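Below: one structure, written as structure tokens.
The values are calculated or read from the model by the stated rules, or taken from the named source; none is laboratory data. This structure is a prediction, so every number in the text was calculated from the model and none was measured. Please note: Cβ atoms are built from the backbone with ideal geometry, for glycine as well, and neighbour counts cover all protein chains shown. Calculation scope for accessible area: heavy atoms of the full protein, side chains included, ligands and nucleic acids excluded. Shrake-Rupley method; radii C 1.70, N 1.55, O 1.52, S 1.80 Å.
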Amino acid sequence: MVVQSIRFRITLLYTIILTLTLLGFSLVVYQNFSRSLRGNLDGLLKSKAQGVADSIEAYWEAEALDESGNAVKAASPSKVGNINFLKIARRWIEEESDDPALIGVIVQVFRADGGLIAASKDVPQVAALSRAELQAAGLGRRRFYNLEASRTGTEPLPLRLFLMPVLERDRVTYIVQVGGSLSPLRTTLNQLKALLFLVLPLTVILTGLAGLLLVRMTLKPVDKMVGALHEIESDRLGLRLPLPRTDDEIRRLAETFNDLLARLEKDFLSQQQFSQDLSHELRTPLTILKGDLEVTLKKLRSPQEYEAVLKSSLEEINTINGILDQLLMLARWENREIPLRLSVFDLRSLTEQVLSHIRVLAERKQIRLSLQAPAVLPFSGDDAQLRTVLVNLLDNGIKYSASGGTIDIRLMDDDEAVGVVISDQGLGITEEKLPHIFDRFYRVEDSRTSSGFGLGLSIVKSIVEAHRGMIEVESRPGQGTVFRLTFPRSGPR
Ligand code: ADP
């Protein structure tokens, strides 16, 4: 389903994150902008109020001097309740409120008891000072507040007002009220709001679409891979995924798939080879058996003849049994069904026991067996399996040697590893055949006549690997073969 596709989920998640981020960002921008605009207006009103108060003060000083002469200059009379001061304040407003610095600003001057002394022109109908405002001003507190001023015939005017009491010897002389319209500020903020809320969904839609496209482009190689994987069936295991030219996760995924396919192909082919080899191996003794029995049954035979046929049949059955036994063992090794029975034993004495059993075979071909080893060599592993390894390698050494010569067995020991080296002076193996000798049922052509089934070295390798060891082989045709086994000192774990 589309909703469950990675493409849809990534795009959805990405769009949600983007929307939230943009919303947060817009909110922060809007609030900061609004705060700074209001701060500016408040700052302006404050400085205007201070300017008005300073200017009235300057008028008063000048007028007071004119009326009282030089003698009063030192101790000018109080402005509180002074009729002259009220006149002066009124005059100042009438003369100065046209000052360009005061355009767009409303100025009103009140007495301490709230009575209006003077107001600049075009002052809308601003309500008289409320009791709370008067009280606060009486205590000398300055304050800002908002007000909807009603004007006849037009919309109410939103105002920001600043009330500043002017004190003389801790008593309120008069109160300056300065106000400015909030309309431009509100218009600017509304425009910003509209812009942000238009840009936000547009950005989300556009980047969402771009994201969808990007995800589709990114996942295209995966789609291709799925297509290619559909093509691969058991009879086309040789097919491989095309590798993208990039050096990224998708390429690594394709490479990993290809490795897996290569391993599967190898296993599959070896399985096929194995079945072919097995039927081939079993066919020979069974054909001989069948032929012998059919010929014998054609007429009545003497007891001696029957005995001979039964004997040869038994031999063939033993061969089949041998193959099946070894195969079973190998299969169990490969499926790790045989647990190692671990113990610490002396590898030297185990090797000596094996040598004493095999010596009879060696002597038949006048082959000398020589052992070089430390007096005691503790080894951690499965002694019965190690015996199988030694028997197989030594048996091969004897089987594939002409009469005479020596098989050298060297056991070595250091801090990290235990080494076993078995070298013979036999037939040797050619270079191109050497890599195959550990394969199941593999036998070098010339040795087909020998008694083995080509399973011995496969079993040896499985046992050595179960012990976390390594087996290597070197050989020179006509000169001999060396098998080198290395086991970690720490044992199979
Ligand atoms: P087999 O039971 O036939 O001996 P192995 O798996 O033990 O099977 O060995 C596989 C093949 O490797 C043998 O058929 C033989 O040709 C070759 N081979 C093994 N050991 C030696 C050796 N010591 N010298 C020469 N050839 C050897």
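Carbon and sulfur together cover what percent of the accessible area of the chain at a 1.4 Å probe radius?
The computed percentage sits at 57.
Close amide H contacts of A149 (hydrogens built in the peptide plane, cut-off under 5 Å, sequence separation of 5 or more or a different chain): L157, L159.
Between A417 and R489, the built amide H atoms are under 5 Å apart, and every one of these is 5 or more places off in sequence or on another chain.
Farthest towards the positive end of the charge dipole of the chain, among the residues Q353, Q4, S275, is the Cα of Q4, using unit charges on the Cβ of Lys, Arg, Asp and Glu.
Using the Cβ of S313 as centre and a radius below 11 Å, the other residues enclosed give a net charge of -2, where K and R count +1 and D and E count -1.
For the range 163-251, which GluC sites (Glu not before Pro) pass both filters: DSSP loop (anything but H, G, I, E, B) and at most 15 other C-beta atoms within 10 Å?
Listed in order of number, the matching sites are E233.
Between the listed residues M164, L386, V199, the Cα displaced farthest toward the positive end of the dipole of the chain, a dipole computed from Cβ unit charges relative to the Cα centre, is found at M164.
Place a +1 charge on the Cβ of each Lys and Arg in the range 343-488 and a -1 charge on the Cβ of each Asp and Glu, then give the dipole magnitude about the Cα centre in debye, rounded to the nearest 20.
580
The range 343-488 has equivalent-ellipsoid semi-axes of 24, 18, 14 Å, by the square roots of 5 times the alpha carbon gyration tensor eigenvalues, sorted largest first.
In sequence order, the range 360-366 has phi-based couplings of 4, 4, 5, 5, 4, 10, 6 Hz under the Karplus curve 6.51 cos²θ - 1.76 cosθ + 1.60, θ = phi - 60°, and Gly or Pro positions carry x.
Applying the Karplus relation 6.51 cos²θ - 1.76 cosθ + 1.60 with θ = phi - 60° to the range 267-279 yields 3J(HN,Hα) values of 4, 5, 5, 5, 5, 4, 4, 4, 4, 4, 4, 4, 5 Hz, where x marks Gly and Pro. Once the mean of 1/r is taken over each pair of separate Cα atoms and inverted, the chain shows a Kirkwood hydrodynamic radius of 34.6 Å. The lysines whose alpha-carbon is closer than 22 Å to the alpha-carbon of K365, local same-chain residues fewer than 8 away aside, are K399.
Based on the alpha-carbon gyration tensor of the range 249-334, what equivalent-ellipsoid semi-axes (square roots of 5 times the eigenvalues) come out, in whole Å, largest first?
Rounded to whole Å, the semi-axes are 48, 13, 5.
Amide H contacts for T406 (H built 1.01 Å from N in the peptide plane; partners 5 or more residues away or on another chain; cut-off under 5 Å): R368, Q425. Relative to the longest principal axis of the Cα atoms of the chain, the long axis of helix 83-96 lies at roughly 60 degrees.
In the structure displayed, which of K311/K433; K266/K433; K46/K87 lie more than 26 Å apart, Cα to Cα?
Values: K311/K433 36 Å; K266/K433 19 Å; K46/K87 24 Å.
Among K311/K433; K266/K433; K46/K87, the Cα-Cα distance tops 26 Å for K311/K433.
Derived scalar couplings between HN and Hα for the range 25-40 equal 4, 4, 4, 5, 4, 4, 5, 5, 5, 4, 4, 6, 5, 5, x, 4 Hz in order, rounded to whole Hz, by the Karplus curve 6.51 cos²θ - 1.76 cosθ + 1.60 (θ = phi - 60°), x for Gly and Pro.
Of all aspartates and glutamates in the structure, the ones whose alpha carbon falls short of 19 Å from that of K299, not counting any fewer than 8 places away in one chain, are E307. In this structure the range 254-344 gives 75 Å² per residue of accessible area when probed at 1.4 Å with all protein chains present. Between L324, Y14, G24, the Cα set farthest toward the positive side of the dipole of the chain (charges on each charged residue's Cβ, about the Cα centre) is that of G24.
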